[in-house]
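What follows draws every value from the coordinates through simple rules; no lab data is involved. Because the structure is predicted, anything quoted here is derived from the model rather than measured. Reconstructed Cβ throughout: ideal geometry from the backbone, glycine too, with neighbour counts over all protein chains shown.
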Protein chains: 2
Amino acid sequence: MAQNREKLEAAAQEMVQHKGMSGLSFRTLAAEVGIKSSSVHYHFPEKSDLGSALIQRYSSEFFAQLDVIAGRDDTLNAKIKSFIDIFEEVGRQNKLCLCGMMAAEYEQLSSSNRQLLCDYFDNTEKWLIKQLEAHKEDYESTSNRKVIARMIMSSLEGALLLDRIQGGARHIGAQRGVINQIVFGR
Amino acid sequence: MAQNREKLEAAAQEMVQHKGMSGLSFRTLAAEVGIKSSSVHYHFPEKSDLGSALIQRYSSEFFAQLDVIAGRDDTLNAKIKSFIDIFEEVGRQNKLCLCGMMAAEYEQLSSSNRQLLCDYFDNTEKWLIKQLEAHKEDYESTSNRKVIARMIMSSLEGALLLDRIQGGARHIGAQRGVINQIVFGR
DNA sequence: GTGTAACTATCTATCTGTAGATAGACAAAT
DNA sequence: ATTTGTCTATCTACAGATAGATAGTTACAC
């Protein structure tokens with residue numbers, strides 16, 4: 001059944017967003033899907049192959065969402081709100097961003113995994129900068145766009161991290177207001 | 001030699017800030033200090049005991065630094081700068097905040113470890129709020145202090161996470177400017 | 001002072017469990 | 001016939017943890 005590969009990726013992604021790559025074993029993953037651990041190796045010979053697949057899967061879904069947002073005839077404000085919404089939804093499920101989680105495990109990752117992670121953050125930064133540029137007229141910050149993009153991204157990743165341990169969406173909520181204040185002045 | 005306990009804690013802290021609790025084994029830790037893994041169990045019967053000791057050790061050093069900062073006859077601006085400096089120094093060493101790292105591993109932690117982590121972030125939030133209150137006259141933000149404290153903390157934790165994978169202090173640097181902008185207006 | 005009990009800090013040796021990974025058989029689909 | 005996807009069975013490595021022995025140190029009773 002070719003759909004097992006998809007099931008494996010979905011289950012693995014869920015597990016990694018909760019417990020990290022090091023908290024995921026081939027055995028528990030296999031059990032979740034209902035096959036044997038050796039069969040998981042058929043689809044992903046090494047754990048780093050699974051890691052790569054997960055980052056790519058997560059990234060492609062994420063950037064597909066960003067494409068939709070960018071394509072809408074919306075204000076910059078609305079676009080940034082939609083961007084933050086993606087993260088808030090992750091937090092609502094008591095998960096971390098998959099790439100944020102793997103960033104914490106960075107030193108244990110293979111070099112190909114590291115590169116994919118890097119790409120995820122680089123491309124997100126680029127997307128943000130592009131939106132800020134596309135709405136020059138609304139952009140009121142005195143800081144340059146790169147700085148703003150980085151602050152948006154790192155503050156959302158951090159907010160997810162802290163909200164999970166303290167419960168609720170306190171930090172994401174705090175960031176929401178602050179990001180607006182920074183991008184649009186007051 | 002009672003100093004081995006201290007050596008173990010120091011070595012373990014270093015390892016956890018790089019690789020996380022799950023990336024640390026009693027064997028590698030013991031080897032680092034030059035004793036046997038079974039001897040580590042003498043000092044820390046279970047791994048969660050080591051975890052607790054590490055959070056407490058890290059917290060007490062951190063809050064000692066904050067005490068010094070709070071005690072100085074400085075402006076709010078200077079105090080916040082000093083606060084950020086602590087995080088920047090961690091990043092300069094390609095580490096994460098120990099508690100930030102363990103926050104990512106939250107679901108694998110014992111309940112006592114979770115509580116200690118929670119305390120660390122709660123107390124940091126309280127410290128920040130106290131400083132903002134103590135300098136009412138300089139505080140220019142329209143947001144309330146709790147929101148500002150949360151945004152400072154989560155954005156610095158996130159910045160550490162991202163700076164490590166992209167190298168340099170890009171995100172910490174971005175946060176520095178933004179935090180000022182938020183707290184003091186422009 | 002000496003003897004003894006307790007404590008500290010380590011060791012060797014070992015247990016059990018689980019990790020990732022591999023080989024080779026097998027059945028179904030193409 | 002070959003490829004695909006799964007299985008059983010197994011390997012090696014390493015995880016955390018425990019038991020029991022062994023010195024060295026300290027505390028205290030006599």
| Cα centroid of segment B:19-95 to Cα centroid of segment A:7-44, whole Å | 32
| field | Closest Cβ on chain B to the rotation axis that carries it onto A (distance rounded to whole Å) | value | B:GLY158, 1
| How much mean residue ellipticity at 222 nm does chain B get from its helices, if each DSSP H run of length 4 or more adds -39500 (n - 2.57) and you divide by all residues, to the nearest 500 deg cm²/dmol? | -25000 deg cm²/dmol
| remark: Helix B:3-19: inclination vs chain B longest Cα principal axis, degrees, rounded to 10, gives 60
| said: Label position 7 Å from Cα toward Cβ: report the copy-to-copy distances for A:TYR139 in nm, one decimal, ordered from shortest. | reply: 3.3
| Helix axis angle, B:170-184 relative to chain B longest principal axis, alpha carbon, degrees | 40
| note | Within 10 Å of the Cβ of an average residue in A:89-96, the count of other chain Cβ atoms is 1
| Label geometry 7 Å along the beta-carbon vector: B:ASN123 inter-copy distances in nm | 4.2
| Per residue convex hull volume, Cα atoms of segment A:55-184, in Å³ | 101
| task | Give the Cα extents of segment A:1-59 along the principal axes, in whole Å, largest first. | result | 25, 19, 17
| message | For chain B, take the longest principal axis of its alpha carbons; what is the angle in degrees between that and the long axis of helix B:145-166, to the nearest 10 within 0 to 90? | response | 50
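Averaging over every viewing direction, what projected area does the convex hull of the Cα atoms of the protein assembly as shown cover, in nm²?
Numbers: hull surface 78.8 nm².
Directional mean of the projected Cα hull area for the protein assembly as shown stands at 19.7 nm².
Please compute the contact order of segment B:51-184 in relative form: average sequence separation of alpha-carbon pairs under 8 Å and at least six residues apart, divided by the residue count, as a percent. Numbers along the way, then the final one.
Values: 95 pairs, mean separation 42.6, N = 134.
Rounded, it is 32 percent for segment B:51-184.
Any idea what the dipole of chain B comes to, in debye rounded to 20, about its Cα centre with Lys/Arg Cβ at +1 and Asp/Glu Cβ at -1?
On the way: 23 positive and 24 negative charges, 63 e Å.
Using Cβ point charges on Lys, Arg, Asp and Glu, chain B gives about 300 debye.
Going through the cross-link list B:LYS81/B:LYS136; A:LYS19/B:LYS95; A:LYS7/A:LYS79; A:LYS81/B:LYS146; B:LYS19/B:LYS47, which pairs have a Cα-Cα distance over 24 Å in this structure?
Long pairs (Cα-Cα over 24 Å): A:LYS7/A:LYS79.
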